[in-house]
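Structure record follows, encoded as structure tokens.
The values are calculated or read from the model by the stated rules, or taken from the named source; none is laboratory data. This structure is a prediction, so every number in the text was calculated from the model and none was measured. So basically every Cβ, Gly included, is an ideal-geometry build from the backbone, and we count neighbours across all protein chains shown. Areas reflect the complete protein model, heavy atoms only, side chains present, ligands, DNA and RNA absent. Shrake-Rupley method; radii C 1.70, N 1.55, O 1.52, S 1.80 Å.
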Amino acid sequence: MPPAVGAVLSYWPFEPAVLLGVELAAVLYLVGGARRGRNHSSATARWRSIAFWLGLGTILLALQSPIEMLARQLFWVHMVQHLLLMAVAAPLLALASPWTRMWRALPLRWRRSIAKPLFRDPRLQPVRWAYRIVSRPGVIWFLAAANLWIWHIPGLYDLTLRNHLVHHLEHSLFLGLSIAFWAQVIDQVPFHARLGSLGRASYVFLAMIASWGLAAVLSFATSPFYAYSLLPSRPGGISALTDQQLGGGMMWVPGAIPYSIAFIALLFRWLADEDARPRLAPAEMDLGGTRGG
């Protein structure tokens, strides 16, 4: 291993905001789980719990490990970091559906003081209206796709490399909008997503196409777009253009795996739903045609 790579891998960054956010989520999840009692120790609850902890672990891996350091020197590692947030941590957290459990961790007095004005205060009617608009599947899809493309505009992307707060904002939007996206695909107990199985499959497929479009731009570019090209050298000795093309490849192939799995699973679910629908017997169809004539 080259000395430069070894030096980077030996350094683990300290990100207080990341650690605090993950710790807060973990505490709320544990306290909320304790208040649910033992009646919820079903197999479903167990695999949801596993998904939650894997989701938090993925966030730490992406933002609180040597990946964070290498992402400052290699574009393709930066893309891996983003994919861990959007295509691994986000679907795992959506699969875990921990929101009501974490909400239950708050004292009852706090929950009432927050929920009552949110749902009943007439002064917050514009907020409720805006939420109804923004929470629509089509709006969330557009916001998630636009967010992905906008942050890869060279000027804005380079700003994230220079400004730590902007970098945190980028990661927060990637994770938050991706969770909102996957919540349209995976039911968030006790709520159900608005789309049917075929609608969800189409939803995921179109998102994959949007991601592939950006991957194609990065992979087939003839010159590097970003400030990585200004570095005197990169770990591994690769060129800035090769680094960028590898980043596009990461988005194109590994990044598409969770979407492909979800797409295929939803297609099978749609086919099963279609098979389970009651069908008219041939005699009933003939009678219906006779009545219609």
His152 vs (1) in a loop (DSSP other than H, G, I, E, B); (2) open to solvent by 80 Å² or more (accessible area, probe 1.4 Å): all pass except (2)
So, Arg123, is that one over 24 Å from Val204 (Cα atoms), crowded, with 18+ Cβ neighbours inside 10 Å and not aliphatic (A, V, I, L, M) or not? no
When the residues of the stretch 216-226 are filtered to those that are among the aromatic types (Phe, Trp, Tyr) and buried (at least 16 other Cβ atoms within 10 Å of the Cβ), which remaining residue is farthest from Arg162 (Cα to Cα)? Phe225
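Take Leu165 and tell me if it is more than 24 Å from Pro98 (Cβ to Cβ), more than 21 Å from the chain's Cα centre (by Cα) and part of a helix (DSSP H, G or I). Give the derivation first.
Working: more than 24 Å from Pro98 (Cβ to Cβ): yes; more than 21 Å from the chain's Cα centre (by Cα): no; part of a helix (DSSP H, G or I): yes.
Against the criterion (more than 24 Å from Pro98 (Cβ to Cβ), more than 21 Å from the chain's Cα centre (by Cα) and part of a helix (DSSP H, G or I)), Leu165 does not qualify.
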Condition first: within 22 Å of the chain's Cα centre (by Cα), β-branched (Val, Ile, Thr) and open to solvent by 30 Å² or more (accessible area, probe 1.4 Å). Can you find one or more residues in the stretch 72-79 that meet it? no
Run Arg72 past the list (1) part of a helix (DSSP H, G or I); (2) within 30 Å of Arg234 (Cβ to Cβ) and report the number of the one that doesn't hold. (1)
Give the number of residues within the stretch 186-226 that are outside any loop (DSSP other than H, G, I, E, B), of a type in the set (Gly, Ala, Ser) and closer than 27 Å to Arg48 by Cβ. 6
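Taking the stretch 202-216, which residues are among the hydrophobic types (A, V, I, L, M, F, W, C) and touching a residue at least 60 places away in the same chain (Cβ under 8 Å)? Spell out the reasoning first.
Of all residues in the stretch 202-216, those among the hydrophobic types (A, V, I, L, M, F, W, C) come to 204-210, 212, 214-216.
Across the stretch 202-216, the qualifying residues are Val204, Leu206, Ala207, Ala210, Leu214.
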I need the full set of residues from the stretch 171-215 which are among the hydroxyl-bearing types (Ser, Thr, Tyr) and open to solvent by less than 40 Å² (accessible area, probe 1.4 Å), in order please. Ser178, Ser197, Tyr203, Ser211
So, of the residues in the stretch 262-278 that are exposed (fewer than 10 other Cβ atoms within 10 Å of the Cβ) and under 30 Å from Leu206 (Cβ atoms), which turns out to be modelled with the highest pLDDT? Asp275
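Kindly evaluate Pro235 against the criterion of being over 22 Å from Leu156 (Cβ atoms) and surrounded by 18 or more Cβ atoms within 10 Å (Cβ to Cβ). Break it down stepwise before answering.
Details: over 22 Å from Leu156 (Cβ atoms): yes; surrounded by 18 or more Cβ atoms within 10 Å (Cβ to Cβ): yes.
Answer is yes for this residue.
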Run down Ala62, Ala115, Ala130 and say which single residue is of a type in the set (Gly, Ala, Ser), in a helix (DSSP H, G or I) and surrounded by 17 or more Cβ atoms within 10 Å (Cβ to Cβ). Ala62
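When only residues in the stretch 128-153 that are of a type in the set (A, V, I, L, M) and in contact with a helix residue (DSSP H, G or I) (Cβ under 6 Å, 6 or more places away or on another chain) count, which is farthest from Phe174 (Cα to Cα)?
Just the residues of the stretch 128-153 that are of a type in the set (A, V, I, L, M), to begin with: 130, 133-134, 139-140, 143-146, 148, 150, 153.
Next cut, in contact with a helix residue (DSSP H, G or I) (Cβ under 6 Å, 6 or more places away or on another chain) only: 140, 143-145.
Details: Ile140: 12, Leu143: 10, Ala144: 8, Ala145: 10 Å.
Among those residues, the one meeting the criterion is Ile140.
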